[in-house]
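Single-structure report; data block below.
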Ligand code: GTP
Ligand code: MG
């Protein structure tokens, strides 16, 4: 406990100027899962959405006086929360208590005076604050305090890991250093809300919902922002007005398929973002993909955004992962560690290709935790059996029903440590019969593979699909080799207490070192396969260390 709080203050991820007395709506999103009872996914999302609608994003001069800035904005109504961050300039996220205040602020906001290039007069909640007299100097202590929106550097991470007290402590440290902060979650929801304003120009009443790792409890600082345009909200609440013998419908154009409708909608929204969306740059319309999307950078927030439409199963998958991530505090720690490990060894990549994805890795961890004895996570079928009539959900003909109230799920009686689970994870998948078996979190059992894909992970809802169809045999082999090496490294770890003064990486730090650092620098003379090299290297370290060095860094 002591070392975790020490590391947190080192990492500096907790904002000092944040409204601390107020509990964030999404405890599980940011790792504060101790706050029970746990909220349902949609409650969290709705609260976040409403909060974002009362919020504005303001580009500020670097030498802004925080106090005066808040006083100036308070003319429009009381402010609930605010924070500053840096991303090619200084930005403020300001949440008012009431939505009216945003309207009032916008009413008092000017369209920029004609400069060198004419502006397109699109009025959004992304504003620019200018100082009338910019020469006024203020003392530095009055400058705005900035929150951090980036993941820690490798150097910082290794420092944090090296001063942890045990491998369990290292896993928790890694989670705390990488998980989305409260401010980052707010910024993600605000970005969706700003895009929603633009999309609503075409489709009034539409909703832009974040999904994927921004909301499923497995988001790492710096991860992309997946969002989808939900048009089902339009007219959803008007049903009761169609009483009696009449039913009123909108006149609409029709197209030959849902896919074409999605492509057309995304095409115009992509154009709109490109032409009028403040801060939206590098807009790419990737409409022929299996799941058509518009990809762009939201410059002010720094998020790489993927906008899809007609994608409610993906949102349901996010809800399922949210449940798994919130049930037991070990789940997120293990998933973060496995994701970081895979990234460090280039098993995953931001470029699409034959590599394993973070989504697949997460499902593999969930499956592994279902296989423990006693299980740490329930199967999807058992979550379905706990569902009541209100949980019933059929999407595109697929049964996506599962219990949504986290409080109805019994906690696991399993008390295994994170260190043991991590080692067993590597061992389990280092020896998994991938040639014959598939992974299936619905039943939590290995099953015969229905086709010859090297890695077969059944899609939890569209059960005839494989979420890792893209993974090549060589990428799978690389995963297996690294898993075996990592199991072996953890096996060698001594149970002794590491010394915080030790400079040498130990435990998790050893596993996360990218290839070419310690491993190759010490074993470069050998021309053996990677697994052999690592074993050789560790043997050589062991033999060159005397007994007195044991226990100095947990080795
Ligand atoms: P990051 O790598 O942190 O972005 O993780 P992510 O979970 O957000 O993954 P990604 O951005 O690639 O995909 C977003 C969401 O789309 C995932 O969380 C899944 O819900 C869904 N998804 C991604 N890949 C697949 C797939 O191959 N099949 C299905 N059914 N859903 C997928
Ligand atoms: Mg994502």
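Values for this structure:
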read-out	value
Gain upon complete extension [residue 304, residue 156; 0.36 nm per residue less C-alpha separation]	50.9 nm
Label-point gap, in nm, between residue 433 and residue 446 - each point 7 angstrom along Cα→Cβ	0.6 nm
Modelled FRET efficiency - R0 25 Å, residue 103 with residue 68, Cβ distances, 0.05 increments	0.65
Highest average packing first - 97-105, 259-267, Cβ atoms within 10 Å	259-267, 97-105
Fraction of beta bridges assigned by DSSP in the range 40-157 that are antiparallel (%, nearest 5)	75 percent
Projected label distance in nm at residue 129 and residue 477, using a 7 Å step from Cα toward the beta-carbon	5.8 nm
Global form of the range 68-181, assessed from the alpha-carbon gyration tensor, a/c cut-off 1.5	prolate
Shape call, the range 348-482: gyration tensor on alpha carbons, a/c limit 1.5	oblate
Centroid-to-centroid separation of the range 422-448 and the range 393-413 [C-alpha atoms, Å]	23 Å
Efficiency of FRET from Cβ geometry, residue 113 and residue 245, R₀ 45 Å, rounded to 0.05	0.20
Potential extension, residue 424-residue 141 segment - 0.36 nm per residue separation minus Cα distance	96.8 nm
Exposure proxy ranking, count of Cβ atoms within 10 Å, fewest first, for 254, 173, 401	254, 401, 173
Residue 255-residue 465 FRET efficiency (beta carbon distance; Förster radius 25 Å; 0.05 resolution)	0.50
Extension gain (nm, one decimal) between residue 50 and residue 396, 0.36 nm per residue minus Cα-Cα	121.8 nm
Relative contact order (%) - criterion: Cα under 8 Å, at least six apart; region: the range 57-172	35 percent
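Values quoted throughout were computed directly from the atomic coordinates according to the rules given, and no laboratory measurement underlies them. Computed from a predicted model, the values in this text were never measured in an experiment. Please note: Cβ atoms are built from the backbone with ideal geometry, for glycine as well, and neighbour counts cover all protein chains shown.
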